[in-house]
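The values are calculated or read from the model by the stated rules, or taken from the named source; none is laboratory data. Source: prediction; values computed, not measured. As a convention, Cβ positions derive from the backbone with ideal geometry for all residues, glycine included, and neighbour counts pool all protein chains shown.
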Amino acid sequence: MNIKVIAFDADDTLWVNEPYFRASEEKFCALMAEYASERDLERELLKVEIANLGLYGYGIKGFILSMMEAALHISGGTINAACVQEILSLGRQMLNQPIELLDGVKDVLEALKPKYRLVVATKGDLLDQERKLKKSGLTDYFHHVEVMSEKDEPNYLKLLKHLDIQPEEFLMIGNSLKSDVLPVLNIGSHAIHVPFHITWAHEQIEHSVDNERFRNIEGIREVLSML
């Protein structure tokens, strides 16, 4: 591999993220338990979230707005002000969560920085992602930070053009096969999948990935033995 730039996904690759969403979802289901079963509540919330991605994008703010919409729909518009306040409170708690770096992240960045240009390639709310990166203490490791509205082929190609590199000189490392691996392989770049123990349903795929430019590892430290 003639890699010049290594990009890291942020949420659930550099730091913990998805467990906070699932914890808030559990609280939402408990809050709305009188209206439907937990399974039906989860299904309705996911449906609303996916429908709203084109409007709100990814991130905590869109998640909270979707919870509000789902609550109104499930309750037939009868939820009270206390319920609304509780949902808003869940959002504030998520936004104020401390950043918990995943094991090995700093060691890997420290080892790779002298040899490669390192970038963050993530999606979500720009303000929230900038806040998390600043709180993480990792800012100085990265040459560039790219927050995409969607991780698809056109946006990855735009990133490569900005970095002035060819597809074969780019390596993406992340926890999502759908967002961090498949579109990257489709443009001719390299990808390493580092699974996280929780994956949002919308990020899951039904098939395996078989490509000579793809590797699957158990922990981020394994990256060092591959480069």
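Descriptive notes on the structure:
- Note on the stretch 200-222: among residues that are surrounded by 14 or more Cβ atoms within 10 Å (Cβ to Cβ) and touching a Lys or Arg at 6+ places or on another chain (Cβ under 9 Å), the one that is modelled with the lowest pLDDT is Trp200.
- Here the condition is being in contact (Cβ under 8 Å) with a residue 60 or more places away in the chain and either aliphatic (A, V, I, L, M) or part of a helix (DSSP H, G or I) (or both); of Val147, Val119, it holds for Val119 alone.
- Qualifying residue in the stretch 153-166 (condition: surrounded by 19 or more Cβ atoms within 10 Å (Cβ to Cβ), under 14 Å from the mean Cα position of the chain (by Cα) and either over 21 Å from Gly62 (Cα atoms) or not small (Gly, Ala, Ser) (or both)): no
- Considering residues of the stretch 122-137 that are part of a loop (DSSP other than H, G, I, E, B) and crowded, with 18+ Cβ neighbours inside 10 Å only, the residue farthest from the chain's Cα centre (by Cα): Asp125
- Residues (surrounded by fewer than 17 Cβ atoms within 10 Å (Cβ to Cβ) and under 17 Å from the mean Cα position of the chain (by Cα)) located in the stretch 104-121: none
- Complete set of residues in the stretch 32-55 that are among the aliphatic types (A, V, I, L, M), part of a helix (DSSP H, G or I) and over 11 Å from Met67 (Cα atoms): Ile50, Ala51, Leu53, Leu55
- Of residues in the stretch 1-20 being buried (at least 16 other Cβ atoms within 10 Å of the Cβ) and assigned to a helix (DSSP H, G or I), the one farthest from the chain's Cα centre (by Cα): Tyr20
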